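Student: This is the structure, below, for whatever I ask next.
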Amino acid sequence: MSLRTLERDAPSLFKNRLPAPAQLAVFCILSLVLMLADARLHLIAPLRQALATVLYPVQQALLQPLRLLSDAADYLEKLEAAQSAAHQAEEKITAMSLQAHQAQLLEQENQELRALLGLRERLPIPAQAAQVVYESPDSYSRRVILDKGQVAGILPGSPVLDAQGVLGQVVRVQPFTSEVRLLVDRDQAIPVQVARTGVRGVMYGLASNLAPDMLELRYMPSDSDIQPGDTLVTSGLDGVYPPDLPVATITAVERQGATAFLRIDSQPLARMEGARHVLVLTPQNEVLAAQLPAPQELTALTTANAAVQKKAREDKSAQRRAAPAAPPSEGPP
C-alpha cells in the first residue's frame with residue numbers, strides 16, 4: 001500500500017478558502033440579515049426566552065450574596081442612626097425632667113414662702129450629661145462607672161441623677177472615668193426631708209444580694225409625722241446635694257416598742273439597675289464658692305475700707321484741732 005493513501009490532507013474543495021476580508025464581510029452580512037429577520041419576524045425570540053428561563057436561577061444565585069451584603073450594610077446603618085437618636089432623646093428627657101421638677105418647686109416656694117420668709121432665688125446648678133459604662137464587679141458594694149472624669153470637669157462628691165431622682169454620688173475620679181456609689185450601697189448616706197411635713201433625717205442604703213435594693217430612714221422619733229407614700233427629697237444641709245431633689249418614696253413605717261425610733265423603709269425613685277444616661281451636678285458648696293469674690297478682690301476691698309476709715313479718723317482729728325477752745329468757767333466770787 002502506498003504511503004500516499006495515509007495522507008490526511010483536506011479535500012481540494014476546502015483548500016480554496018475565502019480571504020479574511022471576504023469572510024468578515026460575509027459574516028457581517030449574515031449578522032445583519034439575522035438581526036433584520038429577528039427584528040421583523042422575531043425568529044430568535046423563543047430561543048432568547050428559553051435561554052433567559054434557563055439562566056434565571058443562575059443569575060439569582062449569583063446576585064444573592066450581593067443582596068445580603070447590601071441588606072446587612074443598610075441594617076447596620078439604620079441601627080446606628082436609631083441608637084444615636086435614642087441616646088440624644090434620653091439625655092434631653094433627663095435634663096428636661098430635672099428642669100421641670102426644679103421649676104415646679106421654685107414656683108410653689110415663690111407662691112407660699114417667699115412673701116413670708118424672703119427667700120432668695122435659687123442658684124442655677126451646673127450639670128453635664130454622662131453615660132454609665134459598666135457596673136462595678138464587687139458584689140459587696142453597689143457602684144457604677146461613668147464615661148466622664150477629670151478631663152470633663154467631674155469633681156469628687158458630685159451628685160448624680162437620672163430622669164427619676166438622685167442616683168448616687170461620685171466617690172472616685174480618674175482622668176477619663178469616674179466611680180459613682182449608688183444610694184442603696186451600705187456605705188452611702190444622704191440627708192433628706194419629708195416633702196409633705198419637712199421632717200428631716202438621714203437615709204442609708206440597704207443593698208443586699210438576697211433582697212430588692214431598699215433605703216432606710218434611721219433615727220426618727222416614734223412621734224414623727226411620717227406615713228407610707230410620703231416622698232423624700234434632699235434637704236441640702238450637707239452642702240453637696242441641692243435641696244428638694246427627689247430621692248425615694250416611703251413604703252413601710254413600723255413602730256417598735258423596744259426602741260424609741262421608727263423603722264422606715266423606702267424605695268429609691270432612681271433606677272438602681274439599668275441606668276444608662278445620667279446628669280452629674282456640681283456640688284453645692286463648689287457653686288457657692290465660685291460665687292465668692294476672688295482673693296485679689298477681697299484684698300482690694302479691705303485696703304479701700306481701711307483707707308476710708310483712716311481718712312475719716314484724720315478728718316475728725318483735724319476738726320477737733322480746728323475747733324476754738326471753750327473759755328474756762330468762772331468760779332463764784
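Read the figures in this text as sums done on the coordinates, not as results from a lab. Everything numeric here is computed off the predicted structure, so don't read it as measured data. When we count neighbours, we look across all protein chains shown, and the Cβ atoms used for this are built from the backbone with ideal geometry, even at glycine.
Student: Across every pair of different alpha-carbon atoms, what Kirkwood hydrodynamic radius in Å does the stretch 210-283 reach? Show your work: numbers first, answer last.
Tutor: Details: mean 1/r = 0.0712 Å⁻¹.
14.0 Å is the Kirkwood radius here.
Student: Among the chymotrypsin sites (Phe, Trp or Tyr not before Pro) within the stretch 129-197, which fall in a DSSP loop and have no more than 16 other Cβ atoms within 10 Å of their own Cβ?
Tutor: Details: sites: Tyr134, Tyr140, Phe176; in loops: Tyr140, Phe176.
Answer in residue order: Tyr140, Phe176.
Student: Counting pairs of alpha carbon atoms under 8 Å apart in space and at least six apart in sequence, what relative contact order in percent does the stretch 127-290 give? It would help to have the intermediate numbers written out before the result.
Tutor: Numbers: 432 pairs, mean separation 40.5, N = 164.
Normalised by residue count, the contact order of the stretch 127-290 is 25 percent.
Student: Here's a follow-up. Is the shape of the stretch 118-259 best called rounded, prolate or oblate, per the rule: a/c under 1.5 gives rounded, else a/b larger than b/c gives prolate, else oblate, with a ≥ b ≥ c the square roots of the Cα gyration tensor eigenvalues? Please list the in-between numbers first.
Tutor: On the way: a/c = 2.56, a/b = 1.36, b/c = 1.88.
Because a/c hits 1.5 or more and a/b fails to exceed b/c, the stretch 118-259 counts as oblate.
Student: If neighbour count is taken as other Cβ atoms inside 10 Å, put Thr197, Thr53 in order from fewest to most. Write down the numbers at each step before the final one.
Tutor: Numbers: Thr197 12, Thr53 9.
In order of increasing Cβ crowding within 10 Å: Thr53, Thr197.
Student: Further question on the same structure: To make sure I understand, if each residue's beta carbon is the centre and we count other beta carbons within 10 Å, what order do Asp315, Asp213 fall in, fewest to most? Intermediate values should be presented prior to the final figure.
Tutor: Numbers: Asp315 10, Asp213 17.
Fewest to most other Cβ atoms nearby, the residues stand as Asp315, Asp213.
Student: May I ask you to derive the FRET efficiency for Gln309 and Asp238 from their Cβ-Cβ distance with R0 = 56 Å, giving the value to the nearest 0.05? Numbers along the way, then the final one.
Tutor: Numbers: r = 39 Å, r/R0 = 0.69.
Calculated value: 0.90.
Student: Starting with the highest mean, order 248-254, 238-244, 83-89 by the number of other Cβ atoms within 10 Å, averaged over the residues of each peptide. Intermediate values should be presented prior to the final figure.
Tutor: Values: 248-254: 16.3, 238-244: 18.3, 83-89: 11.3.
Per-residue mean Cβ counts within 10 Å order the peptides as 238-244, 248-254, 83-89.
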